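First comes the structure, then the notes that go with it.
The values are calculated or read from the model by the stated rules, or taken from the named source; none is laboratory data. Since this is a predicted model, take the numbers as computed values, not measurements. We place every Cβ from the backbone using ideal geometry, glycine too, and count neighbours over all the protein chains shown.
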Amino acid sequence: MKQFIAFFTKEFLHVFRDRKTLLLLFGLPVVQIVLFGFALSNEIKNSKIVIFDYAKDATSRKIIEKLEVSKSFEIEKNITRVEDIDKSFRAENIKLAIVFPANFGEDLVHLKNASVQIIADASDPNTANTLTSYATNVIMSYQKEMMQTRNIPYSINTEMRMLYNPELKGTTNFVPGVMALVMLLICVLMTSVSIVREKENGTMEVLLVSPFNPFLVVISKAIPYLILSLFNLIVILVLSVYLLDMPINGNIFLLFAESALLILAALSLGLLISTLTNSQQEAMLFSLMGMLLPTMMLTGFMFPLENMPVPLQVISNIVPSKWYYIIVKSIMIKGLGFSAIWKETLILAGMTALLLTISIRKFNIRLE
Amino acid sequence: MENEVVIKTENLTKAFGDFIAANAITFDVYKGEIFGFLGANGAGKTTAMRMLCGLSTPTSGKANIAGFDIWTQTEEIKKHIGYMSQKFSLYEDLTVRENIRFFGGIYGLKGKEIRQKGDAIIKKLGLENEAKKLVKSLPLGWKQKLAFSIAIFHEPKIVFLDEPTGGVDPVTRRQFWDLIYEASERGITVFVTTHYMDEAEYCNRISMMVDGVIKALDSPKKLKENYGVETMDEVFYELARGAQRKAD
């Protein structure tokens, strides 16, 4: 235990002596939270939607047909109960629900006026915005056709409801992304660099000659960075709650537990990189190329994954932060519990276990 | 000098694929001895030393360090040896005192003991004014002396020094050797590799390694007599001339 304390003290001294790194560590989350306010939007294809058709008449069927033909949408199923709307949003990857009220066609013919409700999953505001306007366009084009053929001023109102994020705040989208990014940066980069630095300086040899267990060397190197990144997590959450007015709807302990899982994955990856490289530059390059870029590009928080070519979408599945991003969005924004995210958690846990096993196997106790 | 053997190797061999870095090394080192381990670059010195420290697993052969077997008792060995690597082995971004505290800590020394012994070291090296300064601000000679003092901080039976005085001026080197003599008088065995032949003269006994094999092992005086030469330089030249391997 005394040995551990000596080691922790030393690691913290390293971190606090290096002002530039310190600034990077604690400045980065703040800068990113502020910077990533401008998320990007893009065209979206084949989004899954559900149809809730009370009317079941010719008019509603025609509109549904049009939606079906549109490249933007893929009708997942028709539902018949109100509760199913919420259920399908939570359980499946449904982006949009379109509700036709009873007597939709009759209202339109007799009153010349009818309403359609469009409900969107706004936890990703860009997607939600784009999809609702696509859907509105489809309905409007039908309305136009009708007006042309019959020459009567029909009008269909579209009512929109943004679920989970009624004000369409962009922050809800990038905060989970920044969390993943910052934690990966600190854990992967800092762990690998700090281990490789010991190799480079020759101090690793001295540590390995000492009776201090080599695995403990690694563990006691990882723990300070774990603490630092948890601290950063708190900073990000505080910033987003008080500065960006972003709520944390779900269980905060679950959020921290899932974050710890990602941190563990990142630490194992950092360890793996440190065993594969021999200089700090190499370790840094590996960490940036291997972790930061995929996290920025393939997590879905900067560019919607739905728009990417299929090969990239497939590759995105092996990026741990993608799953973390989904998990955090579900907990923070949708306020879902563990039962809703157990699959993603399982995938993330599997990845962590795999990374940890590989990196421990690869870690050389003896310097050859 | 007592006759207690603290390092005993028998046919210790390390091969990297086809390349045999250290070939059937056999020698004894006695307690309190200053044992010089000489050889050209690439002769296998560092490989041999790393096996003795437990940094590298031998391919075959036997060795006993401080009474413990190199194959089965590496953890025990680690408690009883000190090591100073070729590269400067302290943390540059920590202060003198923090380095002492850290290394004392990982050897499991008690806080009070670390403070007392640390003060003694700082006083002996004349570093009172530098104790709270970062190690990187110290001149190289002081750093090396500090590194050595820290390597024997936990009173090991044997201390391994891998080219400890590289790049240090002759005066500082002399002072460094005073520290080595002092440690040796306290009964710490010093196992040192070096390139400097004047340093070789300071050793009680030296071994000369050529192409992974120990070619000669005796006191500097005897070696000079055996080869009929005046200086250690010439002994080294005589032996290293036959080397097949290129220096790295």
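Side notes on the structure shown:
- Counted residues, region B:146-175 - those being in contact with a helix residue (DSSP H, G or I) (Cβ under 6 Å, 6 or more places away or on another chain) and part of a helix (DSSP H, G or I): 4
- Residues of region B:202-226 classified as surrounded by 15 or more Cβ atoms within 10 Å (Cβ to Cβ) and either outside the structural domain of residue B:37 (by TED's automatic domain parsing) or not in a loop (DSSP other than H, G, I, E, B) (or both), total: 16
- Annotation note: Cβ proximity below 9 Å between a residue of region B:79-103 that is over 18 Å from residue B:180 (Cβ atoms) and at the interface with chain A (Cβ under 7 Å from one of its Cβ atoms) and a residue that is in a strand (DSSP E or B) and modelled with pLDDT under 90 (sequence gap 6+ or interchain) occurs for B:87/B:162.
- Test for residue A:262: is it buried (at least 16 other Cβ atoms within 10 Å of the Cβ), under 19 Å from the mean Cα position of the chain (by Cα) and assigned to a helix (DSSP H, G or I): yes
- Flag if residue B:32 is closer than 17 Å to residue B:219 by Cβ, in a loop (DSSP other than H, G, I, E, B) and either in the same structural domain as residue B:211 (by TED's automatic domain parsing) or modelled with pLDDT of 85 or more (or both): yes
- Residues of region B:165-208 classified as aliphatic (A, V, I, L, M), more than 25 Å from residue B:240 (Cβ to Cβ) and touching a residue at least 60 places away in the same chain (Cβ under 8 Å), total: 1
- Residue A:219, sole failed condition from (1) buried (at least 17 other Cβ atoms within 10 Å of the Cβ); (2) under 26 Å from residue A:6 (Cβ atoms): (1)
- Scan region B:10-55 for residues that are more than 16 Å from the chain's Cα centre (by Cα) and within 19 Å of residue B:73 (Cα to Cα) and the total you get is 5.
- Filtered by the rule that a residue be at the interface with another protein chain (Cβ under 9 Å from one of its Cβ atoms) and either among the aromatic types (Phe, Trp, Tyr) or surrounded by fewer than 18 Cβ atoms within 10 Å (Cβ to Cβ) (or both), region B:59-78 gives B:75, B:76.
- Against the conditions (1) buried (at least 16 other Cβ atoms within 10 Å of the Cβ); (2) over 30 Å from residue B:210 (Cβ atoms); (3) free of Cβ contacts under 8 Å to residues at least 24 places away in the same chain, residue B:116 satisfies every one except (1).
- Number of residues in region A:61-80 that are charged (D, E, K, R) and not in a helix (DSSP H, G or I): the value is 4.
- Within region B:37-56, the set of residues being part of a loop (DSSP other than H, G, I, E, B), in contact with a strand residue (DSSP E or B) (Cβ under 8 Å, 6 or more places away or on another chain) and either free of Cβ contacts under 8 Å to residues at least 12 places away in the same chain or more than 11 Å from chain A (Cβ to nearest Cβ) (or both) comprises B:40, B:43, B:44.
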